[in-house]
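Remarks on the structure that follows.
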Amino acid sequence: MSHQFNKRSISEQPATATVTFNHLGVPVSTEFDDIYFNNENGLAESRYVFLQHNDLPTRWQTSLHSTFTVAETGFGTGLNFLACWQLFQQTAPANQRLHFISFEKYPLVKADLERALSAFPELAAFAQALLDAYPAAQTGCHRLQFDNNRVIIDLWLGDIHEQLPNWLPNAENTVDAWFLDGFAPDKNPQMWQANVYQAMAKSCRPSGTFATFTAAGAVRRGLQEAGFAVTKAKGFGRKREMLRGLIHKETTITPRPPETVTIVGGGIAAACLAWSFTQRGYPVHLLTQGIADGASGNAQGAVYPLLHAELSPLSQFYVSAFDHARQFYQSNCPNLWHATGVIQLAFNAIREQRQQKIADSGCYAPDLVRSLTAAETQQVWEFLPALPALFYPNSGWVPPQRLVQQILQNCGERLAITEVSEITELQQTASNTWRLDASSGKRYEASTLIVAAGANTSTLLAQWQIETQNVRGQVTQVAATEVSASCPIVVCYKGYFTPAENHNGELTHCVGATYNREFKQESYQNIEPADTEENLLTLQDNLAQAWTLPLNAVNNRASLRNTTRDHLPACGWLTDNLGVVSGLGSRGFTSAPLCAELLVSQWLGEPQPLADALIKRLAPQRLQVDSA
């Protein structure tokens, strides 16, 4: 299966906004010579124009849908989003969710965003949550979750005319209300175009609404031509008029009944899926041979993006996945997210050349990755070699087993876990449900089933001929020394070395990991002394530092990574009630949270958190034997 990737959707990262602050403290765009919000009272204007004229408090009380979806042109300072979130928290039914979608061509840098929002102290708690989650300025979608996933924002960075085609195919008939915002039409005519109005109309649910601060004739006519019934209303403050409207369309969308979803697996993918479903109100039955006892069972795991010198589909996916994972762990498991940063050493000429291409590409924001000189590397930690490096400032590490357990615990009473022997076969029944046979002879039934079984994927999906590969990896734990214990950061080379962690009363580091495609299936968990030696020798050779020589191995662990031929995860639906999340390789803790959100969004018909071409790239059907 081949899909043409839309190169327009993966242009260089968007230019950040250049702003000044006027004498009233209001940010002013240099590009558009226009203010971001009203000089007198920006918050009051947001509430009047967008919240009041979309009739929001009343509509989410009477909505037929469990999720109320708002879309916006022009994120700016996020003021509309924060005002909407505050009102939602104050007035919406407790079982309703808010999904906010916003497009922004020139994202503000974090410092300017913080300064702009400091003008609204009543929104301080909401603003701080946004600032903590604020993504790097990278083109594409960034899904941020708040209030235990009750409030979601998909922030699409880049030119709206390029991003709408990436978003709209998976967002038709999903939006309840549009905030048509942005700089004034006479200041920014490029945005106020017919294709925007047409996308608004296609994305609206029946009786979807819009509101905008402007009453410009061209805007009114464009919206009417797209299918909206447009009326004028009194403008805010000194503005004489503004526009609001409604679309009438015939579409029948049947909400999914609250059925139980069955997941096979026990690692990070299964845990994230369980969390995404349960937070939306769906009960989950997890069938597992053990919690985090496979590739998710190591003592420490690094979380950072996989980047190339060009914004390939692989890089674009990992940019979005990393930012989502970072925010997900930070907000849901703050005690287990260690934001130490990650450093990638250029330990030989080939690696240095490759890393220099990434640094010179102009594809990545400095918040995501930046290059260090040899001297700067040693400033990070004096016991690192004097080598150039790539530095991922917002990356870090997690303790995988405890993290998986905590995510499952956070699912609450909607999650039921059954420990099972190995599931050996799936069969579709005459009533379109699934029958699962276990090696113990027990049998299980599922109406909707998701396979998130890592190394067992190919066996379970044999009838679909989904081809994934298992790769054996052995990780070595070493006792910390006085020098090594001071390591403040995850160090990557041909392997990796983690900061010290208290493991059963002893400070240890993880050194890993081997990568063996050839192994004996029946004995892959047996510890190989040669692999222990390889892990230690690679560390000693690549870093060439005296402190690496006396490190002693105190423990080893071997497991299987499930990989795909193109290194992208398999994430999607094989049938309308059989889903797959697998092939996460050695970066499952980076990719699993976003894969789970994507799969659940597809099942529920929600707007999705990736560009359409990327979603097609992840489809498990591409891995069928005859599609190679």
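The values are calculated or read from the model by the stated rules, or taken from the named source; none is laboratory data. Predicted model only: the values in this text are computed from it and were never measured. Glycine also receives a Cβ, built like all others from the backbone with ideal geometry; neighbour counts cover every protein chain displayed. Accessible surface is based on the protein model in full, side chains and every heavy atom, while ligands, DNA and RNA are left aside. Shrake-Rupley method; radii C 1.70, N 1.55, O 1.52, S 1.80 Å.
Calculate the FRET efficiency for R402 and Q465 from the Cβ-Cβ distance with a Förster distance of 41 Å, rounded to the nearest 0.05. Don't skip to the end; give the middle numbers.
On the way: r = 36 Å, r/R0 = 0.89.
Between R402 and Q465 the formula returns 0.65.
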(Q) What do you get for the angle between helix 194-203 and the principal long axis of the chain? Use alpha-carbon atoms, 0 to 90 degrees, nearest ten. (A) 70
Q | the stretch 495-585: Rg to Rh, with Rh as the Kirkwood radius over Cα pairs | A | 1.09
Q: Sticking with the crude label model, points 7 Å out along Cα→Cβ, report the distance from A233 to L64 in nm, one decimal please.
A: 2.3
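Which percent, nearest 5, of DSSP beta bridges in the chain are antiparallel? Mind showing how you got there, number by number?
Working: 71 of 113 bridges.
Of the beta bridges lying entirely in the chain, close to 65 percent run antiparallel.
Set the Förster radius R0 to 45 Å, insert the Cβ-Cβ distance between D437 and K494 as r into 1/(1 + (r/R0)^6), and round the FRET efficiency to 0.05.
Values: r = 42 Å, r/R0 = 0.94.
It comes out at approximately 0.60.
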Q. By how many degrees, between 0 and 90 and to the nearest 10, does the Cα long axis of helix 588-604 differ from the longest principal axis of the chain?
A. 40
Q) Points 7 angstrom from Cα along the Cβ direction at Q602 and Q540: gap in nanometres? A) 4.7
Q) Working from the pairwise distances between different alpha carbons, so that the mean of 1/r is found and then inverted, what is the chain's Kirkwood radius in Å? A) 25.8
(Q) Considering the Cα positions of the stretch 331-423, please state its Rg to one decimal place and its Dmax as a whole number of Å. (A) 19.1, 54
(Q) I'd like the accessible area for S66: 1.4 Å probe, protein heavy atoms, all chains in place, Å² to the nearest 10. (A) 80
**Q.** Listed pairs K110/K616; K110/K357; K202/K232; K105/K202; K187/K232; K187/K616 exceeding 30 Å between Cα atoms
**A.** K110/K616; K187/K616
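How do the peptides 17-26, 140-149 rank, highest first, by the average count of neighbouring beta carbon atoms within 10 Å per residue?
In descending order of packing, they fall as 140-149, 17-26.
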Q. Angle, helix 400-410 long axis vs. longest principal axis of the chain, Cα atoms, 0 to 90°, nearest 10?
A. 40
(Q) If I stretch the segment between R517 and Q356 completely, what's the gain in nm (0.36 nm per residue apart, minus their alpha carbon distance), one decimal? (A) 55.0 nm
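What is the extension gain from F383 to A94, computed as 0.36 nm multiplied by their sequence separation minus the C-alpha to C-alpha distance, in nm to one decimal? Numbers along the way, then the final one.
Values: separation 289, 0.36 × 289 = 104.04 nm, distance 5.25 nm.
Extra length from F383 to A94 when fully extended: 98.8 nm.
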Q. Over the alpha carbons of the stretch 145-297, what is the largest minus smallest coordinate on each principal axis, giving the biggest first in Å?
A. 65, 32, 30
Q | For the chain: accessible area per residue (Å², 1.4 Å) | A | 39
Q: Would you kindly enumerate the cysteines in the chain that have no other Cys beta-carbon under 4.7 Å from their beta-carbon?
A: C84, C141, C204, C272, C333, C363, C411, C487, C492, C510
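Counting pairwise Cα distances across the stretch 546-628, what percent come out greater than 15 angstrom?
Numbers: 2162 of 3403 pairs.
In whole percent, the share of Cα-Cα pairs in the stretch 546-628 beyond 15 Å is 64.
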